[in-house]
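Peer 1: Following this message is one structure expressed as structure tokens.
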Amino acid sequence: MNFLKVKSVPVVAWSSANPLNFRPRASTLIWLIIGLFLFGTGETLLIAAGAGVSPWTVFAQGISVTFGIGIGLATLYIGIGVLLLWIPLKRTPGIGTVLNVLIIAGVIEFILPYIPNPASYVMMGAQTIAGILLVGLGSGFYLVANLGAGPRDGLMTGLQQVTNAPIAWVRLSIEITVTIIGWILGGVVGVGTVLFAIGIGPAVSTGLYLVAACSGEQSKTN
């Protein structure tokens, strides 16, 4: 169970020396893009499964209901709030932070029409789990590239450094917290929401572990 004990983002041969790098090596940029593509594909599988929205979307729904604003605007405010939390957590953005938004959104937009919408609960569950695993693997690649995390992943790595707890449990705590708050505020929780909240922490930790192991370097960390 070593994959659940990962406490920070590993540094491998193709990792960037620092997140604020505007001239990364080609290999670093390629692995970043591959990771974000896998991440976006996993998100698309989750959406198409129709088993329930992600915890952060539940949170956005709750904010939307409570303050009478659109869910898109609520999502924007949440994103800004999470980025502001980066300041005390000493997180550094980079081109990966921007590409996180652009590539994932582009992948979802492009491939969603081609992803099946399962009719049975078994297939919905299977597709949801597959999506979670892909998001975890994609996170492993793009975080190890060290070109800047997305807002929520930056919150995760920042809190990990503060608490020194395994990444799996830090992410689990974050997702469960936002799910509960969102539900209390009026967001809708589905089976897929619960599966994501419970599974994404171990999935991200596994992704980091596998990327480091396949790269042959797991002793150094960001």
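Peer 1: Would you please put 63-72, 124-133 in order of how densely packed they are, using the mean number of other Cβ atoms within 10 angstrom per residue and starting with the highest?
Peer 2: Highest to lowest by the protection proxy: 124-133, 63-72.
Peer 1: In what sequence do Lys5, Lys90 fall when counting other Cβ within 10 Å, fewest first?
Peer 2: Lys90, Lys5
Peer 1: What order, most packed first, do the peptides 32-41, 14-23 have when packing is the mean number of other Cβ atoms within 10 Å of each residue?
Peer 2: With the highest mean Cβ count within 10 Å placed first, the list reads 32-41, 14-23.
Peer 1: Using the basic label-point model (7 angstrom from Cα toward the beta carbon), what is the Cys214 to Ile181 distance in nanometres?
Peer 2: 3.4
Peer 1: Right, next: Sort the following peptides by mean Cβ neighbour count (other Cβ atoms within 10 Å, averaged over residues), highest first: 113-122, 175-184.
Peer 2: Taking the mean over residues of other Cβ atoms within 10 Å, the ranking is 175-184, 113-122.
Peer 1: With labels modelled as points extended 7 Å from the Cα through the Cβ direction, what inter-label distance (nm, one decimal) is found for Ala26 paired with Thr163?
Peer 2: Inter-label distance under the simple model: 4.1 nm.
Peer 1: Expressed as a fraction of 2.2 N^0.38 Å, the rule-of-thumb size for a compact globular protein of N residues, what is the C-alpha radius of gyration of the range 69-142?
Peer 2: Dividing the Cα Rg of the range 69-142 by 2.2 N^0.38 Å gives 1.40.
Peer 1: Please list the equivalent ellipsoid semi-axes of the chain, computed as the square roots of five times the alpha-carbon gyration tensor eigenvalues, in descending order and whole angstrom.
Peer 2: Calculated on Cα positions only, the semi-axes equal 26, 20, 17 Å.
Peer 1: So how long is each side of the range 102-202 along the principal axes, counting just the alpha-carbon atoms, biggest first, in Å?
Peer 2: Dimensions of the range 102-202 along the principal axes of its Cα atoms: 43, 33, 22 Å.
Peer 1: Quick one: Cα centre-to-centre distance for the range 171-220 and the range 16-69, in angstrom?
Peer 2: Centre-to-centre (Cα) distance: 12 Å.
All of the numbers you see were taken from the coordinates with simple rules; none came from a lab. Not measured: the values here are computed from a predicted model. Don't worry about glycine lacking a Cβ; one is built from the backbone with ideal geometry, like all the others, and counts go over all protein chains shown.
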